[in-house]
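See below for the structure under consideration.
The values are calculated or read from the model by the stated rules, or taken from the named source; none is laboratory data. The model shown is predicted, which means the values in this text are computed figures rather than measured ones. So basically every Cβ, Gly included, is an ideal-geometry build from the backbone, and we count neighbours across all protein chains shown. Note: accessible area is taken over every heavy atom of the protein model, side chains too, but ligands, DNA and RNA are not part of it. Shrake-Rupley method; radii C 1.70, N 1.55, O 1.52, S 1.80 Å.
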Amino acid sequence: NISDLNVDEDIVGKENYTSPNGVVFTNGLKVEFTGAIVPSSYEGKQYYVEGVGTAIELLLVTDFATPEILLIEL
């Protein structure tokens, strides 16, 4: 389908990217892909955008979650 977004070809590794709805990707931007996404493994997951200006990377938000609290007693 010509309207499919191919994340690996259209975004990852590119210097800059502007989404079809006009969002300009910037470092630290949190994005979620929905709709006609290729590959489908990106769909429904949230990513942080990094590397804008050199080579865009998409970092899974869940990789940055801290599920436990560390209590430090002094």
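In this structure, LYS14 does not satisfy being among the basic types (Lys, Arg) and either surrounded by 15 or more Cβ atoms within 10 Å (Cβ to Cβ) or under 19 Å from ASP63 (Cα atoms) (or both). For the range 31-74, what are the residues that are of a type in the set (S, T, N, Q) and out of contact with any strand residue (DSSP E or B) (no Cβ under 9 Å at 6 or more places or on another chain)? SER40, SER41, THR54, THR66, listed by residue number. Would you please list the contacts, defined by Cβ atoms under 6 Å and residues six or more apart or on different chains, that run from a residue in the range 9-26 that is over 16 Å from TYR48 (Cβ atoms) to a residue that is open to solvent by 50 Å² or more (accessible area, probe 1.4 Å)? Note: pairs meeting the criteria are THR18/VAL24. I'd like the residue in the range 33-74 that is open to solvent by 90 Å² or more (accessible area, probe 1.4 Å) and modelled with pLDDT of 95 or more and, out of all such residues, is nearest to VAL7 (Cα to Cα). This residue is GLU57. Taking the range 17-27 as the range and being at pLDDT below 95 and either among the small types (Gly, Ala, Ser) or surrounded by 13 or more Cβ atoms within 10 Å (Cβ to Cβ) (or both) as the test, the residues that pass are SER19, GLY22.
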